[in-house]
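The values are calculated or read from the model by the stated rules, or taken from the named source; none is laboratory data. Bear in mind the structure is a predicted one, so any value in this text is a computation, not a measurement. Here the Cβ positions follow ideal geometry from the backbone for every residue, glycine too, while neighbour counts run over all protein chains shown.
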Amino acid sequence: MKYAESKKHDSSRGGLTIRPFEGLAEKLQALKEKPVKKQDKQEVPGRSLLSDEELFLRAMNGVMPIKGKKRNSPPAGAGNTEKKLPAEDREQVEALKELRELVQGKRPIPVEKIPEYMDGPPINSDRRLLKKLRSGDFAIQAYCELHGLTADQALKVCDGFMADSLMSNRRCIAYIHGRGRSSPGRPVLKEMVKNFLNRGRFRRYILAYCSAPAWDGGPGVTYVLLRKRPAKKTKKR
């Protein structure tokens with residue numbers, strides 16, 4: 001091969017026939033001492049290349065800025081696109097936004113969407129009042145703990161707590177009964193509280209009741225809003 005042949009020794013001269021690096025030190029020294037012109041910086045071997053700033057300015061030579069509005073400024077009214085949508089479309093956009101936040105864990109599931117949720121009373125219940133109650137708009141003045149009690153024991157405690165609350169002029173109270181997940185069938189204490197509020201002797205003092213919001217126990221706690229005076233009995237026709 002040619003490459004192999006170029007490395008053969010010349011016996012007559014006692015060395016290599018081709019010496020490509022002969023005089024390299026003198027050549028490099030000459031390049032260092034030679035003044036470098038600004039326009040020749042990139043073409044001179046052994047010299048530093050242009051800086052990033054110089055390269056950018058050279059590349060941008062002759063470029064003219066675009067006239068008009070800045071590209072990074074959002075168009076007027078871009079943030080109000082949802083308000084321009086029809087009412088039905090806005091509801092769908094809002095529903096999808098809430099669903100996305102629920103899936104991502106950014107928003108707790110509303111207690112009224114949980115199957116264990118309960119509210120009442122079943123007759124003449126004010127839905128707007130219930131919404132305020134389950135949102136925590138009313139301050140809870142007292143809690144009644146029922147965990148660890150039997151149904152009969154819990155009923156007596158519920159009755160006594162209600163009587164004491166009415167005598168103390170409390171307007172908003174709460175029963176802590178748990179979700180009954182350890183019960184073999186339906187949640188015993190929770191069902192007992194529901195029956196007590198709907199059919200107990202203080203039922204005419206119950207303005208509204210509902211499961212607590214997630215941050216205060218959810219379906220394991222029931223909020224109760226009381227009347228100052230009992231509701232009048234309705235005459236049967």
(request) Pull up region 210-237, narrow it to residues that are at pLDDT 90 or above and charged (D, E, K, R), then point me to the one that is nearest to residue 187 (Cα to Cα). (result) 216
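Within region 164-179, which residues are without any contact (Cβ under 8 Å) to a residue 60 or more places away in the chain and either crowded, with 18+ Cβ neighbours inside 10 Å or among the basic types (Lys, Arg) (or both)?
Here is the first cut: in region 164-179, the ones without any contact (Cβ under 8 Å) to a residue 60 or more places away in the chain are 164, 167-178.
Matches in region 164-179: 170, 171, 172, 173, 174, 175, 177, 178.
Scan region 115-130 for residues that are outside any loop (DSSP other than H, G, I, E, B) and closer than 24 Å to residue 189 by Cα and jot them down. Quick ask: steps written out before the conclusion?
Residues of region 115-130 outside any loop (DSSP other than H, G, I, E, B): 119-120, 127-130.
Residues satisfying the conditions are 119, 120, 130.
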(request) Quickly run through region 131-150 and pick out the residues that are out of contact with any Phe, Trp or Tyr (no Cβ under 8 Å at 6 or more places or on another chain), within 12 Å of residue 213 (Cβ to Cβ) and touching a residue at least 24 places away in the same chain (Cβ under 8 Å). (result) 135
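When residues of region 82-97 are filtered for being loosely packed, with under 11 Cβ neighbours inside 10 Å and modelled with pLDDT under 65, how many remain? If you could, list the steps in order and put the result at the bottom.
Kept after step one, since they are loosely packed, with under 11 Cβ neighbours inside 10 Å, are these residues of region 82-97: 83-84, 86-88, 95-96.
Next cut, modelled with pLDDT under 65 only: 83.
Number satisfying all stated conditions: 1.
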(message) Looking only at region 163-209, filter to residues that are among the β-branched types (Val, Ile, Thr) and within 22 Å of residue 150 (Cα to Cα); which one of those is modelled with the lowest pLDDT?
(response) 188
